[in-house]
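The block underneath contains the structure these notes are about, expressed in structure tokens.
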Amino acid sequence: MMYPVPYLFFTLLLIAKIHELYPNLLDIKPSEESRDYVENQKQFQLHHLITEQRHPKTWNLSHTIQNNTLEGIKMLLSVDEDISIKFHEMAENIAPLQQMADAIEYAITHGNKIYVYGCGATGRLAKQIESSFWRPFWARMRSQPQWEKICAALPDIENRLIGEMTGADRALISSLEGFEDLQLIGKLQLQDHHIGPDDVVLAVTEGGETSSVIGTILTAWNQCGKSAENGQKLLYFIYNNPDHVLLSLDRSRSVIENPGITKICLNTGPQAITGSTRMQATTSETFVIGIVLEQAIMQLLQPYCSEETLAHLGFDPTLTLKKRLLSFCLIQQAVANVAQQIADLTDLEAAVYAKGGKSTYFAKNALVTVFTDATERAPTFRLFPLDPIGSDKKSWIQVWTCANNATAAWQQFLGRPFRGLKRSYYEGPFTTQINNVYLQRSALKSLENAGNDQQRLYDFSMSCDKCNPCEKDIGVIALLENEMDALLQPESLLVQWLSLLTQARANAGVVIILPHMLSSTDPLLQKIAMLTPQAQIIQLPLPITTKSNLSLDPLQIRQHIGLKMLLNAHSTGIMAKLGRIVGNTMTHVNPGNLKLIGRATFLILSHVNAHLNEPISYEDANALLFEAMDWTKTHQKAGKNAEVGLCIVRILETARTQSKISWETAETILQQHGLEKFLKN
């Protein structure tokens, strides 16, 4: 379709009438749900938050990365510098973090628990704290001679930290609509885990406004007897927007102004992709909680282990919590230094998808980090979530691990049995205590897909009947420092997978996190070259060893964080190259909860009103969004076109032609041109 005259020219001709044209030409008739959202859900219209703003460093990302992938990747990685700046600021007052470490140590030594709770990206963070940091460390401790003494003093230590997310383990795959917007579910999950008044609670929310997380921390405060002194030591609210911005939200204010809750504000500014808090916000939160946990564990072990033993475990007793915090800056710079290698892999994987191919990511110790990046691509960029067993293969991506069956894969992933939500426990309160009919309907529907039975629907194991890569596909492997030796074991699943990629002539990428660069003559690199000569290799050397070559990363936090930043930039770069970002805005966002509905509405307004002298109203944009949401559910395949783009095209094309444009026509235009090209015409 050709556009012989720029949009702006047409809209200038229509200035006097445009406001009258929209209700008539677009036939806007707000649904009851849209009216309810606009009138009654103002506390979820969050476009004023700092984390929802556009970052100036990545403003023109989509255009830049189309022309120069390396420059686009550098743009994305440059925003991680904001975290380093924030950590230097926090290092001037480390007392709140030391207080948290002391509280964790005290709770464990006195037989109590640590409960880390989040939602969405921070929920996956909570799972990682338990499954990547806490449980693997104590599993490694079992081989130490001090283990029996430690076990006697700190019984059941592996199970004393619980990482939980809104919706439990099933929400790791994809979000469960209706849950995030309920303080009730945060309360119920805390009680379901029997978290008591003497347990430490870390409630993590990127925005500082997530209802389920706020429900968690307020319930914990009530259990403390609303004691300011006890609460300050035990209860922590960790978030990424400044207080003065959050105080306009009633639910946030109830926590921020509460003297019985310790607040840890990690405001680093806007995200690299507008609103995509899976990036800098969650990176900063994961690292801070990780190094606090590292400090607490060292303090726990000092009575039982010599300095020599601690050193072999990766602890340096002379390393202060301040220095632990600032060690992030070295990790951030190390990732920035491999921008070219990231860009090469980004080009390769983007080309695979453009040709209709798919990807498989393979990891063992890095599984949670790899899995999280893979699953979070779906809601951010409107992709199919991971495929359940027996379904048609729709997802662009699969994730496998070193396991021979589905149950073993979940155990490898979580370090414990799968945890779902018991319907008998949650259904009653959902039925009687949720006043909003739309939220209640969504929550009850999601509850049907949150139980223990969901474990059987997903298989991340590597089995022969699934090993069928083809020439147009790509396989990517992520290895941490202590996994490289598996390359020298012919029977390992890792070696088998690399060999399969070569046999299929598929594309391959290998990401290695290690303390120093390997030379081209290193046996490990030569082994990779022999197994997969076509592989693109990214070596990410991190400063995580002492002069005597002892590791300084006992919980592997720095390795996971380095890999996370690398993968976040990589996967975001892919989607930008494939047209699923405009500028640095998340135009393919899936409006699956109240916050994301608000974000989608604001994105429509931002892009449309940049082309119109007479802006459309928030109410009209939201009404069209809900109409588009209803239309996409019944008229198009999931993952095809996002509602934001459909609304933008329909509004602007209606203005241009002065005639009503259907959703079908809007979809056709998007398919032919893409949103960014459409907006430029």
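Note that segment 157-306, at 25 °C in a medium of 0.890 mPa s, gets a Stokes-Einstein diffusion coefficient of 151 µm²/s from its Kirkwood radius over C-alpha pairs.
Accessible area ranking (1.4 Å probe, heavy atoms, ligands and nucleic acids excluded), largest first, for Ser499, Ser252: Ser499, Ser252. Placing +1 on each Lys and Arg Cβ and -1 on each Asp and Glu Cβ, with no other charges, gives the chain a dipole about its Cα centre of roughly 760 debye.
With the convex hull of the Cα atoms taken as the outline of segment 150-245, the averaged projected area works out to 7.8 nm².
Under a no-solvent Debye model with one identical scatterer per Cα of segment 54-105, what's log10 I(q)/I(0) at q = 0.18, 0.21 Å⁻¹? Debye intensities relative to I(0), on a log10 scale: -0.66, -0.75. Each residue was assigned an accessible area with a 1.4 Å probe, and for Cys470 the value is about 50 Å². The Cα trace of the chain gives Rg and Dmax of 25.1, 82 Å, the first to one decimal, the second as a whole number. Contact order, relative form, for the chain: 20 percent (alpha carbon pairs under 8 Å, 6 or more residues apart, mean separation divided by residue count). Relative contact order of segment 400-477, taken over Cα pairs closer than 8 Å and 6 or more residues apart, is 47 percent. For the chain, carbon and sulfur atoms together expose 52% of the accessible surface, with a 1.4 angstrom probe and every protein chain in place. Ordering Gln556, Val644, Leu679 by Cα displacement along the dipole of the chain toward the positive end leaves Leu679 in first place; charges were set at the Cβ atoms of Lys, Arg (+1) and Asp, Glu (-1). Note that segment 314-443 shows a convex hull volume over its alpha carbon atoms of 238 Å³ per residue.
Near Asn159: Cβ cut-off under 11 Å, other residues only, Lys/Arg at +1 and Asp/Glu at -1. The net charge is +1.
Principal-axis analysis of the Cα atoms of the chain puts helix 557-577 at an angle of about 20° to the longest axis. Taken about its Cα centre, segment 53-92 carries a charge dipole of roughly 220 debye when the Cβ of each Lys and Arg holds +1 and the Cβ of each Asp and Glu holds -1. Below 11 angstrom from the Cβ of Ala107, what's the summed charge of the other residues (Lys, Arg +1; Asp, Glu -1)? With Lys, Arg at +1 and Asp, Glu at -1, the neighbours total -1. For Leu161, the residues 5 or more places off, or on other chains, whose built amide H falls under 5 Å of its own are Ile114. Each Lys and Arg contributes +1 and each Asp and Glu -1, all at the Cβ; summed about the Cα centre of segment 196-335, the dipole is approximately 240 debye. Angle of helix 81-90 to the longest C-alpha principal axis of the chain, folded into 0 to 90 degrees and rounded to 10: 60°.
Helix content alone sets the calculated 222 nm mean residue ellipticity of the chain: runs of n ≥ 4 DSSP H residues at -39500 (n - 2.57) each, divided across all residues, give -15500 deg cm²/dmol. The Cα atoms of segment 369-429 define a convex hull whose projected area, averaged across directions, is 6.2 nm². Rolling a 1.4 Å probe over the heavy atoms of the protein chains gives the chain an accessible area of 37 Å² per residue. Mind scanning Lys113/Lys445; Lys393/Lys577; Lys74/Lys633 and naming the pairs with a C-alpha gap bigger than 27 Å? Check vs 27 Å cut-off fails for Lys113/Lys445; Lys74/Lys633. The spread of Cα positions in segment 316-382, taken along each principal axis and listed from longest to shortest, comes to 53, 25, 23 Å. Rounded to two decimals, the Cα radius of gyration of segment 525-618 over 2.2 N^0.38 Å is 1.75. Ordering Leu594, Gln539, Leu525 by the projection of their Cα atoms onto the charge dipole of segment 464-612, which places +1 on the Cβ of Lys and Arg and -1 on the Cβ of Asp and Glu, puts Leu594 at the extreme positive end. Relative to the longest principal axis of the Cα atoms of the chain, helix 321-336 runs at roughly 60 degrees. Taking a ≥ b ≥ c as the square roots of the eigenvalues of the alpha-carbon gyration tensor, segment 541-681 is classed prolate because a/c is 1.5 or more and a/b outweighs b/c.
Length, then width, then depth: along the principal axes, the Cα atoms of segment 36-143 run 55, 45, 31 Å. For the Cα trace of segment 405-515, dividing Rg by the Kirkwood Rh returns an Rg/Rh value of 1.17.
The values are calculated or read from the model by the stated rules, or taken from the named source; none is laboratory data. If you're wondering where the values come from, they're calculated on a predicted model, not measured in any experiment. Cβ sites come from the backbone with ideal geometry, for glycine too, and all protein chains shown count toward neighbours. Just the protein is used for accessible areas: all its heavy atoms, side chains included, with ligands, DNA and RNA removed. Shrake-Rupley method; radii C 1.70, N 1.55, O 1.52, S 1.80 Å.
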